[in-house]
Amino acid sequence: MEALNPDERMREYRFQASEESVDALRRLRASWSGVLATARLVTVALADDTFVRIWVGAADVEGVFDAFRFVAITAPTLSDLDARMAADDETDDIPKSELPTASTPFAAASDLSLPDNDVVLFTGVSWTESAHADAPLHGGQGTMHLSGHPGQLSESAALVCITTDALVVAATTGGGMLIRTGLAPYSLQTTRDADAIAAFLRERAYTEE
């Protein structure tokens, strides 16, 4: 995690996908042969018989909250993925039941089986601010921990961490997949629903209304 201006009134940090993770995610531009998504992992089998795996890593921000970002790796076999993942110090304990084996059925790749997919990473932000006295939910005391995208960042934020929280892989035919960090710690949410993906892209100002 990189400190941007920890001594200012609004203390800022950056915890975004590493260069290694970004390089692995770029591999998703190639043809997919299948995909397996669980509550904690997304594993993509590529048509060239290699794999890409995505999960969520965390960093402690001043002992106040955890920030979450994508971690991604690529490897020639599922066992190689498991070994590399086990060596990553950001990885929380993931049940073995979520780790695919050679006999695990993968979902069809559908439109993403075609080449030249488009891969777009999105920036997220987590922050804290003082709870308003007129907010009964917080009893007018302490701080609120909020997460969203940079356009939602409040001017009253006190502690901010910029993250990498979402990924859209779009096929040349218009289909695709949205992967984003979930509400529960270390979780992922995925969808192939075209309307949900379009709504997300509008929310992030990637496309016009």
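Taking (1) under 15 Å from the mean Cα position of the chain (by Cα); (2) assigned to a strand (DSSP E or B); (3) aliphatic (A, V, I, L, M) in turn, Ala24 satisfies each apart from (2).
Take the stretch 47-77 and flag every residue that is farther than 25 Å from Thr128 by Cβ, surrounded by fewer than 18 Cβ atoms within 10 Å (Cβ to Cβ) and not small (Gly, Ala, Ser). Scanning the stretch 47-77 gives Asp48, Asp49, Thr50, Pro76, Thr77. Go through (1) within 17 Å of Val35 (Cβ to Cβ); (2) among the β-branched types (Val, Ile, Thr); (3) modelled with pLDDT under 95 and name the single condition Thr74 misses. The single condition Thr74 does not satisfy is (3).
Scan the stretch 58-65 and give yes if some residue there is of a type in the set (Val, Ile, Thr), at negative phi and in contact with a Cys (Cβ under 7 Å, 6 or more places away or on another chain), otherwise no. Yes, the conditions are met somewhere in the stretch 58-65.
If you filter the stretch 27-62 down to residues that are part of a loop (DSSP other than H, G, I, E, B) and of a type outside the set (A, V, I, L, M, F, W, C), you find that the one that is modelled with the lowest pLDDT is Glu62. Consider the stretch 90-115 and keep the residues that are in contact (Cβ under 8 Å) with a residue 60 or more places away in the chain, among the charged types (D, E, K, R) and more than 30 Å from Gly151 (Cα to Cα). The one that is surrounded by the fewest Cβ atoms within 10 Å (Cβ to Cβ) is Glu98.
In the condition set (1) farther than 21 Å from Tyr186 by Cβ; (2) modelled with pLDDT under 90, Glu90 is compliant with all but (1). Pairs under 6 Å by beta carbon, first residue in contact (Cβ under 8 Å) with a residue 40 or more places away in the chain in the stretch 47-59, partner assigned to a loop (DSSP other than H, G, I, E, B) and of a type in the set (Phe, Trp, Tyr), six or more apart or different chains? Pairs that qualify, where the first residue is in contact (Cβ under 8 Å) with a residue 40 or more places away in the chain and the partner is assigned to a loop (DSSP other than H, G, I, E, B) and of a type in the set (Phe, Trp, Tyr), are Val56/Tyr186.
Can you name every residue in the stretch 154-186 that is of a type in the set (Ser, Thr, Tyr) and either under 18 Å from Leu112 (Cβ atoms) or at pLDDT 95 or above (or both)?
Just the residues of the stretch 154-186 that are of a type in the set (Ser, Thr, Tyr), to begin with: 154, 156, 163-164, 172-173, 181, 186.
Residues satisfying the conditions are Thr163, Thr164, Thr172, Thr173, Thr181.
The values are calculated or read from the model by the stated rules, or taken from the named source; none is laboratory data. Quick caveat, the model's predicted, so the values are computed rather than measured. Reconstructed Cβ throughout: ideal geometry from the backbone, glycine too, with neighbour counts over all protein chains shown.
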